[in-house]
Structures are given as structure tokens and as C-alpha cells.
Amino acid sequence: DEFLELAEEDTTLGNKAESSIKEYQSFTDLQYSKNKKLACIDWMPNSKGVVAVSCAERCSFDERVDKSAKVTTCAILIWNFVDPIHPQFV
């Protein structure tokens, strides 16, 4: 069975150290991102070490459906790796 062969191949690739994700840096903003979920993260195309992060309210699927007809606001934070405590732009 091809599916079983794929499962066997996956278990033999790498070890825990090779397949784990390590935190490189974290960004904190108590005003715009506290208790929010990160809806999207993307690198800025022509700026090295800069990411854009959109923060949205945490809510369940039912709450999102109830709010779907209403306008909500969220923040997009532009972070530079040089200053992880203060967003470069909001």
C-alpha cells in the first residue's frame, strides 16, 4: 500500500533536533496585540528584517458569524527586528 510506505518514510526522516522550530525573536506590544490572535504574518518584500503582523480579536466561530455583518477594526503592526518592543508602524 502506497499510503503505508509514505508513513514509514516519514518516521525515518530527521531527528527531533532537526524537525523542531526554535524561537528566534518575539515581539510584544501591550496596546495593539495583547490578548489578540495573529491573523496573518508576512515579510516586507524590500526590507530586510521587517515583518507585518495583523492582530484580530479572539473569538469562536459562532462569534465570528454573528459579527460578520458588522464592521470591526484591527491593527497591522510593522515590526523591525532591531526593536522588538516597539512596532515601527501601526
For Leu77, Leu38, Leu30, the accessible-area ranking with a 1.4 Å probe, largest leading, is Leu30, Leu38, Leu77
Carbon/sulfur accessible area of segment 21-90, % of total, 1.4 Å probe, equals 56
Residue span Asp62 to Thr28: 0.36 nm per residue of separation minus Cα-Cα distance leaves a gain in nm of 9.4 nm
With 0.36 nm assigned to each residue of separation and the Cα-Cα distance removed, Ser54 to Ile78 gains 7.8 nm
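The values are calculated or read from the model by the stated rules, or taken from the named source; none is laboratory data. Bear in mind the structure is a predicted one, so any value in this text is a computation, not a measurement. SASA here: full protein model, heavy atoms, side chains in, ligands and nucleic acids out. Shrake-Rupley method; radii C 1.70, N 1.55, O 1.52, S 1.80 Å.
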